[in-house]
1. Would you list which aspartates and glutamates come within 13 Å of Lys65, measuring only between C-alpha atoms, while excluding same-chain residues fewer than 8 positions from it?
2. Can you tell me, using C-alpha contacts under 8 Å and at least 6 residues apart, the relative contact order of segment 64-107 as a whole percent?
3. Give me the number: length gained by fully extending Arg87 to Gln234, i.e. 0.36 nm times residue separation minus the C-alpha to C-alpha distance, one decimal in nm.
4. Which order do the peptides 145-152, 220-227, 169-176, 203-210 come out in when sorted by mean C-beta neighbours inside 10 angstrom, highest first?
5. Whole angstrom only: what separates the Cα centroid of segment 194-235 from the Cα centroid of segment 88-103?
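Only the coordinates and a few stated rules stand behind these numbers; no lab work does. Just so it is clear, the model here is predicted, and its values are computed rather than measured. Glycine also receives a Cβ, built like all others from the backbone with ideal geometry; neighbour counts cover every protein chain displayed.
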Amino acid sequence: MTYRVRNIGFAVVLAAFAGLLTIVYVVNYKRHVQHGENKVSVLVAARDIPAGTTGSEVVEQHMLKPESVSRRSVVPGAVSSQDQLQRLVVTQEVFAGEQVTTRRFAPPRELGIRSQLRATERGFQLAGDPNQLLAGTLKDGDHVDVVGAWETKSGSANVRVSRVILRNILVLTAAPDAAETAKLGPGQDASIQLRVTDAQSQKLKWITEFGSGLKFHLELRPPANSADSPNTFQTSRSMLSDGPGVRGPR
């Protein structure tokens, strides 16, 4: 065998060996890719989920749907079970088709009063003196009525009127206790946060801003089985005529 033929033989063997290595590499790479393409089930948003929605609402209103994705496409914190969200609240809007992750949810306390507002409900901060706001008595979660008194015109006369303006309003954040309100300076008011509807907020704004000699106060409702008397109003005339009857001599 000549030197030239021998070199050619070596070259052929090396080429064959290189080809074999290439085949082995390609097969192993395909196996690796296929392993990475294993499908897993995750939850995605069936429609846009606004911030402030509770996890229980997300589940009950069928805002989620399962979807199979490749393992390597799963985003960090992806949710695979609805039970993971039951006691949480959406902190950032989740868009339709987006993988749902725990990063967009948090315990309700992290949202503060926002977690207690829905649809037409609004948070209203009401200022007043400690007596008006039942400072030291009201607690977060109590319910109150708002009573107002003001003057209105009846012909040429001024008529003083009082009535319940709003009923069964949730206290989101109560006023500070007596020790804290005592630290307020002259002319400074305490404040309280109430949950009202957008329509109720107009009445609350009116009763605190307008009218002559206008005043208001809050009254605490029973914690359970509360009831309401018929809607009435009081004027100077009704205060004279509507009251305990006078007993005559026996």
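1. Correct list for Lys65: Asp48, Glu98.
2. Working: 35 pairs, mean separation 18.3, N = 44.
For segment 64-107, the relative contact order is 42 percent.
3. Working: separation 147, 0.36 × 147 = 52.92 nm, distance 4.62 nm.
Difference between extended and current length: 48.3 nm.
4. Working: 145-152: 17.8, 220-227: 9.8, 169-176: 20.2, 203-210: 14.9.
Result, highest mean Cβ count within 10 Å first: 169-176, 145-152, 203-210, 220-227.
5. Centre-to-centre distance over Cα atoms comes out at 38 Å.
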